[in-house]
Each structure stands twice: as C-alpha cells, then as structure tokens.
Amino acid sequence: MKNLKNIKNILFDLDGVLYQDLEAVFGQVSKKMTEYISKKLNLDLKKAKELQTNYFHKYNTSLNGLMIHHDIVPEEFLKYVHDIDLSFMKNDLILREELENLKVKKFIFTNGSKEHANNITSHLGINDLFDGFFDIVDAEYSPKPTAKAFDLMIDKFKINPKETLYIEDIAKNLSIGKERGTITAWLINNEYWGKKESEEEFIDFKIENLSLFLKEIRLLQNT
C-alpha cells in the first residue's frame, strides 16, 4: 500500500463503484435503453435487447454502436435512459466521511452522463465532494477504455497520471490507466463484464469495500 501514500488524485468510476447495488440503478437504465432502441429502430423488445448487448460488448457502450450504425442522436439517448427513479437510494454517510477526510483531489470518470452522475451523487449525499466530473460527452462519445477518453480526461482535469489512483468495477477499463501511469484498483464483483480481464497485470489492487480502502489510504497518508 505504500505507493498510495503520496497520491494527489483519485479517479472514481460511477456506477458499481460509488454504490454497490448495480441492478437497482443500472437495471433501470438498461431497461430504458432497450425501450429506446425498440422504439427508434422499430424492433421488438427481445431483438432490441440483443442489439443493445451486442453493441455493448463490441463497442464498450451500446450508445457507441448505435451512433456508428444508426445515427442515433446521443443527447436524446442519454436523456431518455438516465431518467430513472433513485428514491430508494440513501445517503452514504460512511463514504461521505472518508471522502471528506481524504486530502486528495477527487474526480468522477464515467461513460454515463453528467446529469446521471449528479443524480447518483446527490442521492448518496456526496455531490459536493468532487473536484470535477468527466462524462461521455466530454469524451466526445469515445468510451472507456479508449486512449482518447482517458487523455481528454487528463487534459480536462490537468492531473498527472503518475500521482493518481484510478478505481473501477470494470477491470478492463483500468488497462489504459495503467498504461498512462496510474495506480489501479478493481472493485471486486461477479458481473461477467466487470470481472473480465480481472487477472491481468494492469490491476494493482483488488478491493471489496470502497470506504474501507479509502480509510486505509487516509491512515497511510497521516503516518
């Protein structure tokens, strides 16, 4: 852990990292994606879901595939799929405490939209603790783990990757972070897409609890 003592920045993925119940949130988003594709492309829901999944696996986001093959308007898509009910989500007081007490800059790096990131972090009660959000629009719709997305993010935040910790629930997204010099941490999960490539050498840490990991970093930095 000693290589975490002097980090100055932390990059957080959003969905599946800042909260754990991915199905409760992204399950809604996924359903809205299927509905959108069904309506836009005049497909039944089963065919729409198949296309959505295929594009996600091939292009890293379903939106990327839809833009390439069907000229979908991304702003319309993002607004539709992120219009979800988060009333069940409660403030995460433990995570808030650790974020507040950790004296580093904190950024969100997501393939979703800023509106979705604001919605999630507001419901978790941590929205005010981040120094910046980088979303799929900022990435010019080039999704993680592309070099373009990562380099645009670094340029926007003006941070040094070698002074940065990058935390993801999708293991393969960490590959470009390691290539650029970040310390990488994978939040362990059993999602098929999340754990793919999780045994690769570009992952420095495998963690089970985000708040506990942040606490360990804080204690290390205070010694």
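A compact table of results
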{"quantity": "Residue list for the stretch 1-19, restricted to those being surrounded by 15 or more Cβ atoms within 10 Å (Cβ to Cβ) and either not polar (S, T, N, Q) or not assigned by TED's automatic domain parsing to the domain that holds Lys105 (or both)", "calculated": "Leu4, Ile7, Ile10, Leu11, Phe12, Asp13, Leu14, Asp15, Gly16, Val17, Leu18, Tyr19"}
{"quantity": "Selection count where residues are modelled with pLDDT of 95 or more and out of contact with any strand residue (DSSP E or B) (no Cβ under 8 Å at 6 or more places or on another chain), scope the stretch 1-14", "calculated": "0"}
{"quantity": "Residues satisfying the stated conditions in the stretch 31-46, i.e. surrounded by fewer than 18 Cβ atoms within 10 Å (Cβ to Cβ), within 20 Å of the chain's Cα centre (by Cα) and in contact (Cβ under 8 Å) with a residue 12 or more places away in the chain", "calculated": "Lys32"}
{"quantity": "Selection count where residues are assigned to a loop (DSSP other than H, G, I, E, B) and either in contact (Cβ under 8 Å) with a residue 40 or more places away in the chain or under 20 Å from Ile207 (Cα atoms) (or both), scope the stretch 152-194", "calculated": "10"}
{"quantity": "Condition met for Glu98 (under 30 Å from Lys5 (Cβ atoms), in contact (Cβ under 8 Å) with a residue 12 or more places away in the chain and not in a loop (DSSP other than H, G, I, E, B))", "calculated": "yes"}
{"quantity": "Number of the exception - His70 against (1) over 23 Å from Ile203 (Cα atoms); (2) of a type outside the set (Gly, Ala, Ser); (3) in the same structural domain as Leu214 (by TED's automatic domain parsing); (4) modelled with pLDDT of 95 or more", "calculated": "(3)"}
{"quantity": "Residue match in the stretch 73-87 (condition: part of a loop (DSSP other than H, G, I, E, B), surrounded by fewer than 18 Cβ atoms within 10 Å (Cβ to Cβ), among the β-branched types (Val, Ile, Thr) and over 18 Å from the mean Cα position of the chain (by Cα))", "calculated": "yes"}
{"quantity": "Counted residues, the stretch 107-144 - those being farther than 16 Å from Tyr19 by Cα, in contact with an Asp or Glu (Cβ under 9 Å, 6 or more places away or on another chain) and either without any contact (Cβ under 8 Å) to a residue 12 or more places away in the chain or of a type outside the set (S, T, N, Q) (or both)", "calculated": "5"}
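The values are calculated or read from the model by the stated rules, or taken from the named source; none is laboratory data. Quantities reported herein were computed from a predicted structural model and do not represent experimental measurements. In this analysis, Cβ positions are derived from the backbone assuming ideal geometry, glycine residues included, and neighbour counts consider all displayed protein chains.
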